[in-house]
Amino acid sequence: MKQYKIAVIVGSIRKDSLNQKLADALARLAPPEFRFRTVRIDDLPLYNQDDDGKPAAAVARLRQEIKEADGLLFLTPEYNRSIPGVLKNAIDHASRPWGQSVWGGKPAGVLGISVGAIGTALAQQHLRNILAYLDVPTLGQPEVFLQAKDGLFDADGGIGKDSRDFLQGWIDRYAAWVKKHTA
């Protein structure tokens, strides 16, 4: 059975990140042939075009992990109605130098969780615009805009019973999306 390597890019580097918690819980719902690995982005220097010819070790690692992935899973909080700077920085590093982007053609899923009532709707829309430019085919439906509430996660860190069916449906669609685009 083919194994699918999924690079998980979490836009929050906070120790108790809700989006990292969601990423971990979603991985539990995925088919057994899917392997999820969170890509580290907290150690990347700020993108500077002057460094394109001699990227830092952290940048080289990021680019390699994205290259090796069959698919991408982005989980982003919403900061000031957009994506966090740390996420944009990682995207910029892996898309440069010009003509050497490692993002292109990799199927992606985009979702997020926030304490706010609109979840991460605007951040996700901004991220989708960026990914479209980078030629990343992104699953369009169903959309997932989660508000962090009691019961979303169970005591073991999995998805709680009230949201499990919905998020199981999402991860099933995502798995099919990755398989379709890597066939």
Notebook entry, point to check: Pick from region 4-29 the residues that are in a helix (DSSP H, G or I) and small (Gly, Ala, Ser): which of them is farthest from Ala69 (Cα to Cα)?
Noted result: Ala25
Next item on the list: Restrict the check to region 116-130 and report whether at least one residue is modelled with pLDDT of 95 or more and either within 30 Å of Met1 (Cα to Cα) or among the acidic types (Asp, Glu) (or both).
Entry: no
Notebook entry, point to check: Are there any pairs, at least 6 apart or on different chains, whose C-beta atoms fall under 6 Å, with the first in region 1-23 and over 18 Å from Ile91 (Cα atoms) and the second hydrophobic (A, V, I, L, M, F, W, C) and part of a loop (DSSP other than H, G, I, E, B), and if so, which?
Noted result: Lys5/Ala69; Leu18/Ala148
Check: Do we find that Asp50 is surrounded by fewer than 19 Cβ atoms within 10 Å (Cβ to Cβ) and over 23 Å from Ala175 (Cβ atoms) in this structure?
Finding: yes
Note to self: Go through region 157-171 and report how many residues are in a helix (DSSP H, G or I) and either free of Cβ contacts under 8 Å to residues at least 60 places away in the same chain or crowded, with 16+ Cβ neighbours inside 10 Å (or both).
What the structure shows: 9
Check: Limited to region 59-72, what total is found for residues that are surrounded by fewer than 16 Cβ atoms within 10 Å (Cβ to Cβ) and closer than 20 Å to Pro84 by Cα?
Finding: 0
Note to self: Regarding region 102-118, can at least one residue be identified that is of a type in the set (Gly, Ala, Ser) and free of Cβ contacts under 8 Å to residues at least 24 places away in the same chain?
What the structure shows: no
Next item on the list: Check Trp103 against each of (1) touching a Phe, Trp or Tyr at 6+ places or on another chain (Cβ under 6 Å); (2) within 24 Å of Lys179 (Cα to Cα); (3) modelled with pLDDT of 95 or more and name the one condition it does not meet.
Entry: (1)
Note to self: For the structure I just gave you, tell me whether Tyr79 is at pLDDT 95 or above, under 21 Å from Asn129 (Cα atoms) and surrounded by 12 or more Cβ atoms within 10 Å (Cβ to Cβ).
What the structure shows: no
Notebook entry, point to check: Which of the strands (runs of 3 or more DSSP E) contained wholly in region 58-156 include at least 2 residues that are among the aliphatic types (A, V, I, L, M) and within 15 Å of the chain's Cα centre (by Cα)?
Noted result: 71-75, 108-114
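The values are calculated or read from the model by the stated rules, or taken from the named source; none is laboratory data. Everything numeric here is computed off the predicted structure, so don't read it as measured data. Counting neighbours? That spans all protein chains shown, and the Cβs are built from the backbone with ideal geometry, glycine included.
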